[in-house]
Structure formats: structure tokens, C-alpha cells
Amino acid sequence: MKQTASPLLRAEGLSLAVAGRLLMENLSFELQRGEILVLMGGSGCGKSTLMRHLIGLQEPALGRVIFGERDLADADVEELARLRRQFGVMFQGGALWSSMTVGENVMLPLTEFSELDEDAAEQMARFKLALVGMEGAFDELPSALSGGMKKRAAIARAMALDPPLLFLDEPSAGLDPISAASLDELILNLRDHLGTSIVLVTHELSSIFAVADRALFLDAKEKTMTALDAPRRLLESGPETVRLFLRRGLDEAAGARA
């Protein structure tokens with residue numbers, strides 16, 4: 001992980017609330033350029049909600065989300081739209097348009113938000129699909145793809161505009177161990193070869209240890225973050241709740257493999 005003095009994204013004193021119910025408070029952390037940051041914690045702790053706040057889809061109850069030097073909440077509609085074009089987002093399940101081919105899905109951001117003509121957009125879409133190992137899927141419909149292929153296609157679409165920052169929400173959910181490991185390798189390649197910064201929401205312990213430079217633990221009981229560090233260091237010397245969470249996940253993974 002290459003760190004610089006200027007983080008790409010930072011949260012300052014963030015509080016998250018849904019329908020008037022406080023989920024998390026006092027969240028302060030940074031995402032360095034070229035870093036993979038994992039958001040982890042038990043089910044319902046607010047991982048996906050935090051991701052939506054970091055993208056600017058929800059405004060915080062308190063605090064700020066700053067991308068570069070811009071507070072997302074202070075940006076008007078047009079500026080926020082421009083800022084979001086620097087984010088690539090893969091939602092849970094992939095969210096591919098079922099009536100479009102895989103290639104058309106990847107081309108959509110290019111035809112909507114770039115000056116490329118159709119031929120150039122198609123060439124770029126084919127290149128993005130090749131980067132995720134989906135060279136032959138351009139003309140396929142999403143319904144013809146396996147779960148892992150849908151996730152890869154969704155990542156290709158998220159990368160269409162060459163964003164410096166990717167948000168991936170549960171990319172390994174529902175995948176078999178081989179497909180999940182292959183997706184972890186893809187995520188590492190995006191960081192190592194393209195310099196992409198990644199915020200990853202996952203409950204998959206194997207993925208956390210495989211890809212995370214740092215992991216942020218959201219504690220549903222305490223309603224705040226209680227740890228932020230490399231996963232191995234958290235397992236060895238993090239707060240007891242975090243160590244138990246990581247050990248239990250590793251034990252369950254080992255039992256599933258047995």
C-alpha cells in the first residue's frame with residue numbers, strides 16, 4: 001500500500017441514522033490512495049449504509065465525508081454528480097440491467113458520461129471486460145452468466161470511466177470458495193496494477209485477510225467503530241470483540257472446508 005500525505009477520502013465525526021434510528025456515531029477515518037479498506041462487522045451493523053454515505057447517496061446525521069478537498073454534503077446536485085463519476089460502484093448482486101447485454105451494460109457509463117463515439121465506447125468496454133477476465137462475454141445476457149461472472153461484469157462496468165476509487169458491496173457473497181478467491185485476486189490486481197483505491201464491504205473473513213490493507217470494525221452494540229488496522233494485527237492484538245469476531249469467522253471457514 002502506498003500512502004501519501006493527502007488521503008483520497010476521509011470521514012470526520014460521521015453519524016449514520018436511518019428512519020430516525022441511530023446506527024453509528026463518531027466515525028473518523030481516512031482512505032489512502034492505492035489502499036484497500038474493508039468495512040466489517042456483524043449483520044445489520046451499518047456497513048452498506050456507511051458505504052452509501054461515503055458515495056454521497058445519503059447525507060450524514062452529523063459529520064462530513066470529504067473526497068479530495070470537497071465535502072460531499074456541500075456540493076450542489078451538478079457538482080455531486082461530477083464527483084460521483086470519479087467513483088465506481090458495484091452494488092450487492094451486481095445490479096446489471098437484465099435487458100442489456102453484458103457489453104451494453106459496460107458501455108452505458110461511457111455513452112452517457114464520456115465523449116467517446118459508439119465504436120470507441122465498444123472498444124473500451126471490451127478492454128474493461130478483458131481486464132476482469134470476461135473477454136468472451138460481451139454479447140451475452142446477464143441471465144447466461146454464473147454468479148461470479150456477474151460480479152466481474154459489474155466490476156468492469158464500475159471501472160468504465162477509470163475512476164480512482166471503487167466501492168464494492170459484498171462482491172464475494174454467494175460465491176463458491178474458488179470463485180471468491182478468484183475475485184479476491186482480481187481486486188488485488190486492480191490495486192497493484194492500476195493503483196485503484198477500494199472500499200470493500202464484506203463479511204467474508206477469507207477475503208478480509210486476503211485483500212485488506214486495513215479493516216474498519218463497526219460494533220453494533222457500541223454503535224461506533226472500535227478498531228482500524230491491518231487484519232492480522234487486529235487478530236493478534238485488537239480489542240477483544242474484534243479478535244473474537246475474526247477468530248469465529250476463521251473457525252467457521254475452516255469448518256466449511258473440512
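Looking across segment 70-116 at every residue that is of a type in the set (Phe, Trp, Tyr) and in contact with a strand residue (DSSP E or B) (Cβ under 8 Å, 6 or more places away or on another chain), the one that is surrounded by the fewest Cβ atoms within 10 Å (Cβ to Cβ) is identified as Phe91. Criterion first (surrounded by fewer than 21 Cβ atoms within 10 Å (Cβ to Cβ) and either assigned by TED's automatic domain parsing to the domain that holds Glu185 or charged (D, E, K, R) (or both)) does Arg126 satisfy it? So Arg126 fits the description; yes.
All of Ala173, Ala212, Ala144 fail the test of being surrounded by fewer than 19 Cβ atoms within 10 Å (Cβ to Cβ), at negative phi and in the same structural domain as Arg247 (by TED's automatic domain parsing), apart from Ala173. Selection of first residues in segment 85-112 that are in contact (Cβ under 8 Å) with a residue 24 or more places away in the chain and of second residues that are polar (S, T, N, Q) and surrounded by 15 or more Cβ atoms within 10 Å (Cβ to Cβ), restricted to Cβ pairs under 6 Å at least 6 apart or on distinct chains, gives the following pairs, ordered by first then second residue: Leu96/Asn105; Trp97/Asn105.
Cβ-Cβ contacts under 7 Å between residues 6 or more apart (or on different chains), taken from a first residue in segment 127-140 that is of a type in the set (Val, Ile, Thr) to a second residue that is part of a loop (DSSP other than H, G, I, E, B) and crowded, with 19+ Cβ neighbours inside 10 Å, are absent. For the criterion of being within 29 Å of Pro231 (Cα to Cα), in a strand (DSSP E or B) and touching a residue at least 60 places away in the same chain (Cβ under 8 Å), Glu30 fails. With respect to Val199, is the statement that it is among the β-branched types (Val, Ile, Thr) and either closer than 12 Å to Gly41 by Cα or not assigned by TED's automatic domain parsing to the domain that holds Ser15 (or both) true? Answer is no for this residue. Scanning segment 7-22 for residues that are crowded, with 21+ Cβ neighbours inside 10 Å and not hydrophobic (A, V, I, L, M, F, W, C) turns up nothing. In this entry, Ala230 passes the filter for residues that are without any contact (Cβ under 8 Å) to a residue 24 or more places away in the chain, surrounded by 14 or more Cβ atoms within 10 Å (Cβ to Cβ) and either among the basic types (Lys, Arg) or farther than 28 Å from Leu110 by Cβ (or both).
The values are calculated or read from the model by the stated rules, or taken from the named source; none is laboratory data. The model shown is predicted, which means the values in this text are computed figures rather than measured ones. In this analysis, Cβ positions are derived from the backbone assuming ideal geometry, glycine residues included, and neighbour counts consider all displayed protein chains.
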